Every structure is written in structure tokens, then in C-alpha cells.
Amino acid sequence: MKWQSVLPRQCILLISCLLMALEAVPIDIDKTKVKEAHAEGEKVENPDTGLYYDEYLRQVIDVLETDKHFREKLQTADIEEIKSGKLSRELDLVSHHVRTRLDELKRQEVARLRMLIKAKMDSVQDTGLDHQTLLKQFEHLNHQNPDTFEPKDLDMLIKAATSDLENYDKTRHEEFKKYEMMKEHERREYLKTLDEEKRQREESKFEEMKKKHGDHPKVHHPGSKDQLKEVWEEADGLDPNEFDPKTFFKLHDVNNDGFLDEQELEALFTKELEKVYDPKNEEDDMVEMEEERLRMREHVMNEVDVNKDRLVTMEEFLRATEKKEFLEPDSWETLDQQQLFTEEELKEFESHISQQEDELRKKAEDLQKQKEELQRQHDQLQAQKQEFQQVVKQMEQKKLQQGNPPAGPAGELKFQPPGEHKAGDAPSHPAGGEQPLPPGHVQEPAVRTDHVQVHP
């Protein structure tokens, strides 16, 4: 299973962040110690949100960005105005060409969804469903009005993206849990195939690997002063005695937009993760490493992100550095120190796996039966073909025995029968004469073909 490292930049303030309506807070720092900011006017590529309507979302944002009125309203909007849909009503005041372009984007998106639905219907051969019914499952646009982009569409787009991104981490945690249970399930199934001696060796090896993985340096609490100072010293190459939170924030605001987003935060934990995970070690699972990174980022967001917009501002960051937890944090428990699932959960998971295997087995048996039936029909057709060919051959042989020449491919005679000649050929007996009869043969009188009138 390959885990994606790219996560959505934000959730509730999705549109405002993607438009970069807020400017970065200027900070006076030593320019020799900080990487150069992005060139003026340079376009910063935003990471893929992972949403199935990501391209549509970006296109709508790009169009809205061109309207001066909407951009000004966005700069002054707060979270509640965005969540309540008040910002969406400002769409009625944007310019005509913006609305026209939004209408076009919506029609294209509806057409795309209909193509996906048709492909889905064709794949399952379910003709009992129609497009309108299936379109209801897409909550990021108003499918009842497929032609024009209205304030309701913008409101639905914001709320759908907010909800989907909020559940993104939850979905990842659930997938990781299934991954771990599947690993344990497969391990136990493998042990069942071994004899007692080999099973004991495998169990000993498993325990040894666990112990080896757990033998690692102490992991600093994510977001603590010790953790950030370690990044400052080892990753940034700066003097730990000159650690400055403001400078640190500016250093790691990679796109210089005034926020630490989720990707920028996750990059701060690389040094801590390297203490526990090494791709060269057999006992270290890189999928678990990404789950650990996600847990660290979520923890820092919960502690620092006051307004829950999934972005850390300079003000929020500095306020967090003043807390007691920043200077004297609790110890951080890594995944290997936690119980990821219970035996009951594993049994339920295995039961589900068994049910899926039974369904797949039944489908395989049905397919095998269909294959055998098709093979039977094929063999039957081949037998009929051979029988037909044999009949044709027998008919040809019978014709030859009766003196009838076999026909060629186009129905023509393959040779000329005795007594028949092509036009222009000379007869084989004298003109006006008759062909000699075989001995003992009595010639029958010729039948006249002219009409004879009979009188009573």
C-alpha cells in the first residue's frame, strides 16, 4: 500500500487560502540565515487536495480570483461567513463574464460526471438507474440546475470540500488500521502452515524484530521547543543558542504565504521520524512511518491551530511557544508503544475477509461454469462443422460415382461431360449423320416437337 504524502492545505478556509488573500507577515530577520523568498509574482503551485473534483474546484477558484469585488469580500470574510454561506451570496455581484465562465465550468463538470456515471452503468450493466438518480451522490454541485453556476453551487462546493477534507485524516487512519490488521492476519495464516518447530522460530524472529524496532533514540514531543530546536540545528544548520521562533516560522513558511500549512508542518517531523524508521531496516515499515507523521501533524494542529482552519499563522505559532507544554512537554508515545487494534476487532476484520473470499470464490466458480459452458458450445459447433464437412465430402464422392462432375468453387463444372462440347468445337461424327449405337441397343423413334392438329 502506497500512502500519499500530499494532503489538502486547509479545510474551512479552503477558498481563501487557495486564493492567498492574506499576505505574509513581514519579519525582520538576518537575511544571510534565511532562504530567499519566492520571486515577486511567482505562481506557487498548490498541492493536490486528493478530491475527485479537485480540478473543478481549482478552476472555479481561478475564475473567482479574477473578480475584484469577490476578492475584496474574501479578504474581510471570517470563518462563520464562509461556513454559513454568506460569502456565497456575493456571487450575485460579480461581473457578467465571470458568471458566464462559471456557467461553462459547471456544464463541463456535469458532463464529466455523466460520463463517469455512464461508464459505471455500462460496467455493471445496470440499466435501471438514470443519470439524475446517480448525480445525487455528487454533493459539490447542484445537479438539479446543470446549466448555470449559482450561489448555491459555490456554497455546496465549499461545504463539500470542507467536509471531505475534514474526513480525509479519519479515512487515512481507518485504512492504516486495516493495513495493520491485514499484516497480522497474514502472519497468523502463515504460521498455521508451519510445523511446531518452524512456528516457534518464526515467533522468535517476530519478537526479535519488534524489540529491534523499538530500540531507538528518544523522540521529542512534536511542536515542543526541543523538537523545533533540533530542526533549527540539524536541518537548518543554525546555532541552537540563537533559536528564535519568529525566524523559525519564516524559515519554514516555504511558499512565503504567511502560514504553516499541513505539508510544511509535516516536514518539521522528518528528523524525529528518522530516529525510528530506516527504509534499509527490515523491521521498519514505511507505511507506519507515514502514519506516525500524520499523528504528529494532527497533534500540533490541535494544540496550535486556534481557529481550526488547518493553517498555523504567525500569531498562533508564537502564542503556542509561550505555553508550558512548549517548554516542558509530556513524552511522546510512538506507534510501537500503542495497541493499534483489539482481538475483537481483528476477529471481525477476519470475518469480513472470509466473507469477501467466499464471494470471490463463488464468482470464480460461476465464471468457471460459464467458461465450461462456452467450451461445450464451442466443441458442439466444431462437431457440427466436421459433420457438415463430412456430408459435403460424401455428396461429392457420390456425384463422381454417378458420373456427375463435381462443381468448382463458383459452381462451374470442373470438366466437360461426354457428348457435350463448347461452342465452336467440331462434332466427333460426320455432319448429318448419327452417332453409332452400341450393340444390342434399339433406337427409339424421335419425338416430334412440332404441333400436329388432331381432327375428331
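The values are calculated or read from the model by the stated rules, or taken from the named source; none is laboratory data. Note that this is a predicted model, so its numbers are computed, not measured. Here Cβ is always computed from backbone atoms with ideal geometry, including for glycine, and neighbour counts include all displayed protein chains. Only protein heavy atoms, including side chains, enter the accessible area calculation; ligands, DNA and RNA are left aside. Shrake-Rupley method; radii C 1.70, N 1.55, O 1.52, S 1.80 Å.
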Taking interchain pairs and intrachain pairs at least six residues apart, which have beta carbon atoms under 7 angstrom, with the first residue in segment 105-119 and part of a helix (DSSP H, G or I) and the second exposed (fewer than 13 other Cβ atoms within 10 Å of the Cβ)?
Arg107/Asp147
Criterion first (within 21 Å of Phe341 (Cβ to Cβ), free of Cβ contacts under 8 Å to residues at least 12 places away in the same chain and of a type in the set (Val, Ile, Thr)) does Thr193 satisfy it?
no
Any idea which residue in segment 71-94 is nearest to the chain's Cα centre (by Cα), counting only those that are among the aliphatic types (A, V, I, L, M) and open to solvent by less than 90 Å² (accessible area, probe 1.4 Å)?
Ile82
Can you tell me how many residues in segment 301-317 are open to solvent by 40 Å² or more (accessible area, probe 1.4 Å) and not basic (Lys, Arg)?
5
In segment 143-159, what residues are touching a Lys or Arg at 6+ places or on another chain (Cβ under 6 Å) and crowded, with 17+ Cβ neighbours inside 10 Å?
Phe149
Test: residue in segment 273-289 that is free of Cβ contacts under 8 Å to residues at least 24 places away in the same chain, among the aromatic types (Phe, Trp, Tyr) and open to solvent by 20 Å² or more (accessible area, probe 1.4 Å)
no
Scanning segment 174-200 for residues that are among the acidic types (Asp, Glu) and part of a loop (DSSP other than H, G, I, E, B) gives Asp195
Here are the criteria: (1) within 30 Å of the chain's Cα centre (by Cα); (2) acidic (Asp, Glu); (3) open to solvent by less than 70 Å² (accessible area, probe 1.4 Å). Tell me which single one Glu359 does not satisfy.
(3)
Go through Leu7, Leu51, Leu64, Leu74 for me and flag whichever is touching a helix residue (DSSP H, G or I) at 6+ places or on another chain (Cβ under 6 Å), at pLDDT 70 or above and in a loop (DSSP other than H, G, I, E, B).
Leu51
Scan segment 253-272 for residues that are assigned to a helix (DSSP H, G or I), crowded, with 21+ Cβ neighbours inside 10 Å and more than 28 Å from the chain's Cα centre (by Cα) and report the count.
1
Return the pair list, or none, for Cβ contacts closer than 8 Å from residues in segment 71-99 that are under 15 Å from Asp155 (Cβ atoms) to residues that are surrounded by 13 or more Cβ atoms within 10 Å (Cβ to Cβ) and of a type in the set (Asp, Glu), at least 6 apart or on different chains.
Lys73/Glu90; Ile79/Asp309; Gly85/Asp155; Leu87/Glu81; Ser88/Asp155; Leu91/Glu150; Val94/Asp67
Just to be sure, is Phe206 more than 37 Å from the chain's Cα centre (by Cα) and among the aromatic types (Phe, Trp, Tyr)?
no
What about Glu292, is it at pLDDT 95 or above, assigned to a helix (DSSP H, G or I) and under 23 Å from Glu175 (Cα atoms)?
yes
Restricting attention to segment 181-237, which residues are open to solvent by less than 80 Å² (accessible area, probe 1.4 Å) and polar (S, T, N, Q)?
Ser204, Ser224, Gln227
Would you confirm, using the coordinates I've provided, whether Thr270 is under 23 Å from Lys170 (Cα atoms) and among the polar types (S, T, N, Q)?
yes
Output for segment 300-343, where each listed residue is outside any loop (DSSP other than H, G, I, E, B) and of a type in the set (Val, Ile, Thr):
Val300, Val304, Val312, Thr313
Test: Val287 is of a type in the set (A, V, I, L, M, F, W, C), part of a loop (DSSP other than H, G, I, E, B) and within 37 Å of the chain's Cα centre (by Cα):
no
Against the definition (assigned to a helix (DSSP H, G or I), modelled with pLDDT under 95, open to solvent by 60 Å² or more (accessible area, probe 1.4 Å) and closer than 30 Å to Val98 by Cα), how does Gln137 come out, yes or no?
no
